[in-house]
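What follows is one structure encoded as structure tokens, with my remarks underneath.
The values are calculated or read from the model by the stated rules, or taken from the named source; none is laboratory data. All values reported here derive from a predicted model rather than from experimental measurement. Glycine also receives a Cβ, built like all others from the backbone with ideal geometry; neighbour counts cover every protein chain displayed. Side chains included, ligands, DNA and RNA excluded: accessible areas come from the protein's heavy atoms. Shrake-Rupley method; radii C 1.70, N 1.55, O 1.52, S 1.80 Å.
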Amino acid sequence: MAKGAIPAELRRQIEELIPHLRRFARYLVQDAEWADDLVQECLVRAVSSFDRFQPGTNLKAWLFTILRNIYKNDLRKSANRRRVETDLQNDPRTYTEPEQESVVALGEVGAAFALLSAEHREILLLTAVEGVPYEEAARLLGVPIGTVRSRVSRARTRLAQLIAPPQREGAGNAN
């Protein structure tokens, strides 16, 4: 096999992972165009350095690592880092179709998710949305598995707090 040539089966697997890469990128940057740029750059780098991929390892995790590293490098280089962080915290997900409770609930979860720290959004996206096992997430993020477990726990707790309806004063008092 020539250097840079990717077997057809692996090419098919990469193509199947593109929607997962796009979803991960969209949650990282909250901007469709930037996310598409990240995915494109990720795929270009993956193809150009495919000889570094070790067969038998997790292709999805390898691609996520490349995408995440590109994102982090973009943030480091960006003179607009504060703007990016502000955009992530002020995600305008306010439109819903009338009388569709599931759409409203999903919007509320999305708005609460956007309020989480970047660290918590990232860990929930990897483990809860993408189904990456904790061990793989630990390798991907370069942290111990105990850190992954505690981040997931804290992120879930915080998300539940943000989604829970506010407690009314005097609620629960029997008269």
Output the peptides 128-137, 63-72 sorted from most to least packed, where packing is the average of other Cβ atoms within 10 Å over each peptide's residues.
63-72, 128-137
For labels at R12 and A128 in the simple 7 Å Cα→Cβ model, what's the distance in nm?
3.4
Distance in nm between pseudo-label sites at R22 and K72 (7 Å out along the Cβ direction from Cα)
2.6
Applying the Karplus parametrisation 6.51 cos²θ - 1.76 cosθ + 1.60 with θ = phi - 60° to the phi angles of segment 52-59, what ³J(HN,Hα) value in whole Hz is obtained for each residue in order, glycine and proline being reported as x?
8, 6, 9, x, x, 8, 7, 4
Under Karplus coefficients 6.51, -1.76 and 1.60, residue-wise ³J(HN,Hα) of segment 133-150 in Hz, glycine/proline x
x, 4, 4, 5, 4, 4, 5, 4, 8, x, 10, x, 4, x, 5, 4, 4, 5
On full extension of the chain, what length is gained from D37 through A164, given 0.36 nm per residue of separation minus the C-alpha to C-alpha distance?
42.2 nm
Measure off, as a whole percent, the carbon and sulfur share of the 1.4 Å-probe accessible area of segment 118-171, all protein chains present.
52
Tell me, what ³J(HN,Hα) does each residue in segment 10-20 have, in order and in whole Hz, if you take phi through Karplus 6.51 cos²θ - 1.76 cosθ + 1.60 with θ = phi - 60° and put x for Gly and Pro?
5, 4, 5, 4, 4, 4, 5, 8, 4, x, 5
